[in-house]
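So the structure is just underneath, and the comments pick up after that.
The values are calculated or read from the model by the stated rules, or taken from the named source; none is laboratory data. What you see is a predicted model, and the numbers here were worked out from it, not measured in a lab. For neighbour counting, all protein chains shown are included, and Cβ atoms are generated from backbone atoms with ideal geometry for every residue, glycine included. Only protein heavy atoms, including side chains, enter the accessible area calculation; ligands, DNA and RNA are left aside. Shrake-Rupley method; radii C 1.70, N 1.55, O 1.52, S 1.80 Å.
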Amino acid sequence: MMRIQSYRDLQVWQTGMDLAEKCYLATRNFPKEETYGMISQIRRASASIPANIAEGHGRKTR
């Protein structure tokens, strides 16, 4: 069994980063009037997934 050295070793963190990247790319073509509305909300939500995983891993909890 592989020992986890960093949150970056977690498959769920890697998948979360992939999702965030895809959300950023998808929202690139949204209408400019959505910059501070829907675009911002989608990007912040997708980026918070890997951020929360990294934070939880830093606390050394399951």
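Among the small types (Gly, Ala, Ser), in a loop (DSSP other than H, G, I, E, B) and over 12 Å from the mean Cα position of the chain (by Cα) - does that describe any residue in segment 15-30? For segment 15-30, residues among the small types (Gly, Ala, Ser), in a loop (DSSP other than H, G, I, E, B) and over 12 Å from the mean Cα position of the chain (by Cα): absent. Restricting the first member to segment 22-48 and to residues that are farther than 27 Å from Val12 by Cα, and the second to residues that are part of a helix (DSSP H, G or I), the beta-carbon pairs closer than 6 Å and six or more apart or on different chains are Phe30/Ile39. Of everything in segment 17-32 that is of a type in the set (A, V, I, L, M, F, W, C) and surrounded by 13 or more Cβ atoms within 10 Å (Cβ to Cβ), the residue that is farthest from Tyr7 (Cα to Cα) is Phe30. Annotation note: Cβ proximity below 8 Å between a residue of segment 1-12 that is surrounded by 12 or more Cβ atoms within 10 Å (Cβ to Cβ) and a residue that is not in a helix (DSSP H, G or I) (sequence gap 6+ or interchain) occurs for Asp9/Met2; Leu10/Ile4. Thr35 fulfils the conditions (1) at pLDDT below 95; (2) open to solvent by less than 70 Å² (accessible area, probe 1.4 Å); (3) under 21 Å from Gly58 (Cβ atoms) except for a single criterion, (3).
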